[in-house]
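Right, one structure below, let's go through it.
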Amino acid sequence: MDTSKTITLTIDGQEVTVPEGTTLLEAARQLGSDVPVICYHEATTSNGLCRICVVDVNGGRVLQPACVAACQAGAAVSTRNGRVERSRRTILEMLNSAVDLSAAPEIGALMTDYQADPQRFPEAAARDHELMDDNPFYVRDYSQCVLCWRCVQVCGSDAQYTFALTLDGRGYDTHVSTAFSIPMTESPCVFCGQCIGVCPTGALKPKIEWGLEKGLSHDEIRQMTRQKRRRKHMDE
Ligand code: SF4
Ligand code: FES
C-alpha cells in the first residue's frame, strides 16, 4: 500500500480520506460502519470467498466485496441498503441450507439481523460429514464448516508454515482435509491450535470443550483419549 498518496471518498454519507490501497472494509471500520465478515480475519490474507461483506459502490451493477475491493477516489459507498441486505440475506440462507450453523453464534446473529429465512431452501442437500476424532487434542466436524479457508491459511503461509491442511474435492464436495486424507497424527500438524482460534464456527473444537459439552467429565475425556491411543498402538 502506498501510504504517501491518499484518496477521498464517501461512505454512508460521511467523507473519509485514506491511504491509496485501503480496502473498503478498512475505511468503513474507520468510520464505525458495521460491515459483517465471515471468511475475512485480521490474521489471514483476504480471499473474498464468502461475499457477506458486499457493499454498494456508486449504485454499480455488481456489489463489491469490501474485504478485498480497494477504495476509489470520489466513490459513494453504501454499506447497507436494500440491495446489500438482500444479497447478504440470500448468502446466509444458502449457507444455512448446507451447513450446520448451530455452533456459530455470530452467523446466527447475522441471520436474525438480516431476517434470513432458515427454511428458504428446504430441498437443499446438507453437507454431512462424520465427526473426525483422530488425535488427542481436537475434533473436526466438517458438517459445521463454512469453507472460509481461514484454518488452511493460518496452517500455511499466513502464520504457521505447517501446511497440514488443504482443500480436497471439487464443487459441492469441496472440504478441508489433510493431504491424502491421512489422520492428523500422521500429518505435519504440530497441534498449535491456530486453526481452532480462527474458525468462525464450531467445526474445530478442543477435545476437552467438545467432551464437556457432551456432559463428560475431565477424567472420562482423558480416559477416552488414552484408550484410543492404546488401541492405535495395538493396531500398529
Ligand atoms: S474448519 Fe472452520 S476455519 Fe476451517 S474452513 Fe471450515 S469454517 Fe473455516
Ligand atoms: S468477508 Fe469479504 S468475502 Fe468474505
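The values are calculated or read from the model by the stated rules, or taken from the named source; none is laboratory data. These numbers were taken from a predicted model, which means no experiment stands behind them. Here the Cβ is made from the backbone with ideal geometry for all residues, glycine too, and neighbour counts use every protein chain on show.
The set of residues in segment 1-22 being surrounded by fewer than 16 Cβ atoms within 10 Å (Cβ to Cβ) and either in a loop (DSSP other than H, G, I, E, B) or among the aromatic types (Phe, Trp, Tyr) (or both) consists of MET1, ASP2, THR3, SER4, LYS5, GLY13, GLU20, GLY21.
Is at least one residue of segment 142-151 under 18 Å from the mean Cα position of the chain (by Cα), surrounded by 16 or more Cβ atoms within 10 Å (Cβ to Cβ) and farther than 30 Å from ASP34 by Cβ? No: segment 142-151 contains no residue that is under 18 Å from the mean Cα position of the chain (by Cα), surrounded by 16 or more Cβ atoms within 10 Å (Cβ to Cβ) and farther than 30 Å from ASP34 by Cβ. In segment 23-119, counting only helices (runs of 4 or more DSSP H) that sit wholly within it, the ones holding 2 or more residues that are within 23 Å of TYR172 (Cβ to Cβ) span 82-98, 105-113.
Kindly indicate whether SER87 is away from ligand 1 (no atom under 16 Å from the Cβ) and within 25 Å of ALA126 (Cα to Cα). Judged against the criteria, SER87 is a match. Select from segment 6-22 the residues that are within 18 Å of PRO65 (Cβ to Cβ) and either in contact (Cβ under 8 Å) with a residue 60 or more places away in the chain or out of contact with any Ser or Thr (no Cβ under 7 Å at 6 or more places or on another chain) (or both) and list them in ascending order. The answer is LEU9, ILE11, ASP12, GLY21, THR22. Here TYR172 fulfils each of the conditions (1) in the same structural domain as GLU213 (by TED's automatic domain parsing); (2) hydroxyl-bearing (Ser, Thr, Tyr); (3) modelled with pLDDT of 95 or more; (4) outside any loop (DSSP other than H, G, I, E, B) apart from (3). Looking across segment 152-165, just one residue is surrounded by fewer than 16 Cβ atoms within 10 Å (Cβ to Cβ) and either of a type in the set (S, T, N, Q) or under 15 Å from the mean Cα position of the chain (by Cα) (or both), and that is SER157.
Any residue at all in segment 132-144 that is touching a Ser or Thr at 6+ places or on another chain (Cβ under 8 Å) and at pLDDT 95 or above?
Narrowing segment 132-144 to residues touching a Ser or Thr at 6+ places or on another chain (Cβ under 8 Å): 134-136, 144.
Checking which are at pLDDT 95 or above leaves us with 144.
Checking segment 132-144: at least one residue is touching a Ser or Thr at 6+ places or on another chain (Cβ under 8 Å) and at pLDDT 95 or above.
In a residue-by-residue description of segment 183-194, the property of being outside any loop (DSSP other than H, G, I, E, B), within 11 Å of ligand 1 (Cβ to nearest atom), at pLDDT 95 or above and over 16 Å from CYS39 (Cα atoms) applies to no position.
Per-residue answers, yes or no, for (1) in contact with a Gly (Cβ under 6 Å, 6 or more places away or on another chain); (2) more than 13 Å from ligand 1 (Cβ to nearest atom); (3) β-branched (Val, Ile, Thr); (4) touching a residue at least 12 places away in the same chain (Cβ under 8 Å):
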| residue | (1), (2), (3), (4) |
| --- | --- |
| ALA125 | no, yes, no, yes |
| ASP128 | no, yes, no, yes |
| VAL139 | no, no, yes, yes |
| TRP149 | no, no, no, yes |
| VAL176 | no, no, yes, yes |
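Residues in segment 35-66 that are charged (D, E, K, R) and either within 13 Å of ligand 1 (Cβ to nearest atom) or touching a helix residue (DSSP H, G or I) at 6+ places or on another chain (Cβ under 9 Å) (or both): 2 in all.
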